[in-house]
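FYI, it's all coordinate maths here, none of it is from the lab. What you see is a predicted model, and the numbers here were worked out from it, not measured in a lab. Glycine gets a Cβ as well: all are built from the backbone with ideal geometry, and neighbour counts include every protein chain shown.
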Amino acid sequence: MPELPEVETVRAGLQRWVSGRTIARVAVAHPRAVRRHVAGGPDFAARLVDRRVGPARRRGKYLWLPVGAGDTDPSEAVLAHLGMSGQLLVQEPDTPDQLHLRVRFTFTDAGRELRFVDQRTFGGLAVEPLRAASGADLEAEQHPGGDPNGDPDGERIPGVIAHIARDPLDPAFDDAAFRRALARRRTGVKRALLDQTLVSGIGNIYADEALWRARLHGARPTETLNRPEAERLLAGAREVMTSALAEGGTSFDALYVNVNGQGGYFERSLAVYGRAGLPCRRCGTPIRRDAFMNRSSFTCPRCQPRPRRARW
DNA sequence: CACTCAACCTGCCGGC
DNA sequence: TGCCGGCAGGTTGAGT
């Protein structure tokens, strides 16, 4: 469900309400929510007791909370992915349990709990070791102030998400490398935008919105994009995600919420997504919906002409 | 190696 | 009212 703006909104909430606190107890209510934690639910819960939570971090749509013991530097983290319907909520202990409450964290200060609630259980949590920065990350560290999440200790990310690319709002994102990757690919532009190993944080909503802003059709073969077109695409993605972030993300229903249970307001700013039949905000032509990879794609047929050699 | 697509879940909505 | 198909913001891993 959530894409970069929604996940980043949640990350900021975790930073504010959870970082710096010490975990007292963890209760796993549904094993599927921790299926990625290979050692199982009891181990997941046991190894978090008495651990202090560090700064909330994010890579693409993944979130993690480093957890340390005593004064030692955190060597592992609670890694979270919200999937399609996951929520991380900070709530008073006397709040009634949600129907789809999967994991509950209580803290030594006896204050608000952290709850992982997930209707469809595509999301999940795991305790994962933090790995030292990769080559690409080391390159980024040579530029002071280039760390997107403000961690002064440099990049350490969970090894299991090392394949996830940086997102377009990350100062260390390499535009030229992204353009070269597009040129090498033999797929459609929208597929490439959704490929989290090429560029992260973009999902079905913001892919369509970025393409509309760039006046490009998602079925364009990636290698046919010229440099201005590729730059427009990145600019479009950055603009739409920055705007959405400022509005607290997109909420079609009560499924996407921040840690305080509130939805964002970006839905009303969407140009194409979910607007089939409604007029294009630029030219008035009715927006068109097409089936794409068992989901939907929304385009303006006039602003985004379908290529002769379509790839999707 | 590059690429595609079914599968993993629950709930809601519209049509019959 | 109820049943059924279609659809929903994502990722992985098996298969081509």
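Counting other Cβ atoms within 10 Å as a rough exposure proxy, the listed residues A:283, A:303 run A:283, A:303 from fewest neighbours to most.
As a proxy for reagent exposure, A:116, A:178, A:122 were ordered by neighbouring Cβ count within 10 angstrom, fewest first; the result is A:122, A:178, A:116.
Label sites at residue A:27 and residue A:120, each approximated as a point 7 angstrom past Cα along Cα to Cβ, lie 2.8 nm apart.
Full extension of the chain segment joining residue A:224 with residue A:72 gains 49.6 nm, where the gain is 0.36 nm per residue of separation less the Cα-Cα distance.
Taking other C-beta atoms within 10 Å as the exposure proxy, A:232, A:51 rank A:232, A:51 from fewest upward.
Take the Cβ atoms of residue A:43 and residue A:231, set R0 to 41 Å, and the FRET efficiency comes out at 0.30. What's the FRET efficiency of residue A:186 with residue A:92 using the Cβ-Cβ distance as r and R₀ = 51 Å, to the nearest 0.05? The pair residue A:186/residue A:92 has a calculated efficiency of 0.45.
Between residue A:35 and residue A:160, the modelled label-to-label distance comes to 1.2 nm, taking each label 7 Å out from Cα in the direction of the beta carbon.
With 10 Å bins beginning at zero, the pair-distance distribution over Cα atoms of chain A amounts to 6, 26, 32, 23, 11, 2, 0 %. For residue A:251, the amide hydrogen comes within under 5 Å of the amide hydrogens of A:264, A:266, A:267, counting only partners 5 or more places away or on other chains and with H modelled in the peptide plane. Compute the signed sum of charges (Lys and Arg +1, Asp and Glu -1) over the other residues within less than 15 Å, Cβ to Cβ, of residue A:239. It works out to a net charge of -1.
Once a ≥ b ≥ c are taken as the square roots of the eigenvalues of the Cα gyration tensor of the stretch A:1-97, is the result rounded (a/c under 1.5), prolate (a/b larger than b/c) or oblate (a/b not larger than b/c)? Rounded, because the longest to shortest axis ratio a/c is under 1.5. Taking amide H atoms as placed 1.01 Å from N in the peptide plane, the amide H of residue A:58 lies under 5 Å from those of A:64, each 5 or more residues away in sequence or on another chain.
Output the relative contact order of chain A, whole-number percent, from Cα pairs under 8 angstrom with separation of 6+ residues. Once divided by the residue count of chain A, the mean separation gives 17 percent.
When chain A is treated as a Gaussian network with alpha carbon springs shorter than 10 Å, the biggest mean-square fluctuation among A:158, A:31, A:168 belongs to A:31. Whole angstrom only: what separates the Cα centroid of the stretch A:173-209 from the Cα centroid of the stretch A:71-105? Cα centroid to Cα centroid, the span is 30 Å.
Working note: Karplus 6.51/-1.76/1.60 with θ = phi - 60° gives the stretch A:196-204 the couplings 5, 8, 9, 8, 10, x, 9, x, 5 Hz, where Gly and Pro are set to x. Multiplying the residue separation of residue A:268 and residue A:253 by 0.36 nm and removing their Cα-Cα distance gives an extension gain of 4.1 nm.
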